[in-house]
Structures are given as C-alpha cells and as structure tokens.
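Structure, as structure tokens:
Laboratory data are not the source of any read-out in this text; all were calculated from the coordinates shown. All values derive from a computational prediction rather than experimental measurement. Methodologically, a virtual Cβ is constructed for each residue, glycine included, from the backbone with ideal geometry; neighbour enumeration extends over all protein chains shown.
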Amino acid sequence: MKQLTALLICLALGGCASSKLLVIKDPAGDDHGPGSYRYPDHPAFTPGSFDLREFSLSRDGDDWVVEVLFASRLKKALVFVRQDDRRELFPQAVDVYFRLGTGPGHAEGLPGRDIGFAPEDGWHKAVVISSVPHELRRALESTTEISADVFVPNRVRHSGRRLKAWIPASFLGEHLPFTLSVLITGISFRRSFMITDRVRDTLKPEGMCMEVTRAAGECRLDDPEGMDCSFSGCDPCGSHPKVIDGLFPADILRDYDPAEGRLVKIPMIKVEDPIGTK
C-alpha cells in the first residue's frame, strides 16, 4: 500500500503558527471505523469525542510533546476498575506508531487492535495515550514481547477537546520520525483489570482495547457488576479493525477478510518538507 504523502502536513520550518514542528489535520465526521461503527450508549461517549481532527508534535526541553484534538469535548466516566477502586476516566486511547528509519519494524499493531502494517511501513516505536497508563503498561509487559518499544506516558493532560502527552527524546530520538501513523481506539476497562490478566503467558497479548461487536450491548462502567462497553456495527465481523478513526481514509479500514483472517494494513504518513496543508 502506498504511503500517504505530506499533503496534510505543515512543518514549523515552513511557517506554521506556534512552536509545533508537525501538524496533521484530519477530516470531520469519519469516526465510524470503516463506516458502520457506532458509539456505545453511555454519557461518556458523546458524538464526535472519538473524531480525530488534528495531531501535532512539538518539543519541550528533553521531551517530545504529542497533542491530539478531537471534534467534541472529552467526558470522563466513573469507572469501577476493581471492587474497591473507582475512578473518573476518559475512554479514548490514542496510538501513535513511529518509523524512525529504514530498518525492519514491527508488522503487527498493538494487541487487540487487529491491524497490520506493510513490510516497508513496519513501526519501530509506539506511544499510547491512555487514562490508565500503569495498568496498560503492566498488561503489555506481562503478555507481549514488544513492550520495550511501547511508551505509555504518565504525564497526560486532558483539557476540553485535547489530550496532550510528554514523551522523552531518549525513547523517540532527537529527530522527527521518518513516517508515522495515528489511530483512535477505546479502552477496555473491565476485562483488563482482572487479576488473572496479570499473569504472564496465561492469556493472549493484552492491550486493553475496546471491542467492536455486531450489535450494541450493555455499557455500565459505573457498576462493579456491569458489562464492559463496546462499539458496535462490524459487518462482517471477524478480523475487523478495532479502530474508530485515524490519519488515513476510512475506506482503508474496510480492507479485511474474516474468511482468510486477513487484517487491515494501516498506512504511514511520510514526514518530509512542507508542501502545504489540506
């Protein structure tokens, strides 16, 4: 699959406002996965709150700063993560995949996303912005072999429609990435907090990604006995991506095949000299 060009990219060197080194805009209204996905019926899943509108990358001393803007305000839900542990958490998760050079990279996405990458687009480092960083980091470390290449920042700021996170340059390097890809998923709170999910090698790789089911089910995050939320509308179901939006055309997410077990191949955006913005 061809790399997306830099038509969406505006580098600060070319006259972008502010100190942002990289700004990528995304169209509105494409927050339905391959076109058929629907939000859970819950107050925290307000229309447009998974609709990615802008991604930016900047520097703050020894850190890279990732900032994501959504179409509508992000709301928090009161979540029972365990019987005696209740927190106010936002349900959005942001995955950012970075290719830092020309060497071989990871061909599969993070656990639960059910996505892949073409060999020439394999990623070297990934960042996941989540409201439960400690739990996600523990899940990755205990069930996957790629956790060293994934950074889950503790320093995350939520304000209105924005999420902002700081990533050490020691993890990503000092230079802008060669290519990158950004996608939006939901957080699976219920299953991933079970004590059995923390035992190494007993379960499939766990990335705390919200499921996409055929029909809408219950969504009772504030009930310790309630059901975990899921998006709905997969058609067909099986091998379908658990991705709600991303920096790529929505029709890319339709290119999967349950019969063959073939996953969507997510494209990367090449970071190069500015040639304007969309």
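Data table
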| read-out | value |
| --- | --- |
| Residue selected from the range 204-245 under the condition under 17 Å from Pro111 (Cα atoms) and small (Gly, Ala, Ser), by the criterion surrounded by the fewest Cβ atoms within 10 Å (Cβ to Cβ) | Gly238 |
| Contacts under 7 angstrom Cβ, first residue in the range 233-260 being at negative phi, partner among the aromatic types (Phe, Trp, Tyr) and in a loop (DSSP other than H, G, I, E, B), 6 or more apart | His240/Tyr256; Pro241/Tyr256; Ile244/Tyr37; Ile244/Phe50; Asp245/Phe50 |
| Selection from the range 90-105 of residues that are over 16 Å from the mean Cα position of the chain (by Cα) and of a type outside the set (Gly, Ala, Ser) | Leu100, Thr102, Pro104 |
| Looking only at the range 126-145, and only at residues there that are in a loop (DSSP other than H, G, I, E, B) and hydroxyl-bearing (Ser, Thr, Tyr), the one that is surrounded by the fewest Cβ atoms within 10 Å (Cβ to Cβ) | Thr144 |
| Pair list, Cβ under 8 Å, 6 or more apart: the range 142-169 residue within 16 Å of Met208 (Cα to Cα) and in contact (Cβ under 8 Å) with a residue 24 or more places away in the chain, other residue of a type in the set (Lys, Arg) and assigned to a strand (DSSP E or B) | Val150/Lys125; Phe151/Lys125 |
| Residue that is farthest from Asp60 (Cα to Cα) [pool: residues in the range 146-176 that are assigned to a loop (DSSP other than H, G, I, E, B) and basic (Lys, Arg)] | Arg161 |
| Single condition Lys76 does not satisfy, out of (1) under 23 Å from Tyr39 (Cα atoms); (2) out of contact with any Leu (no Cβ under 8 Å at 6 or more places or on another chain); (3) among the basic types (Lys, Arg) | (2) |
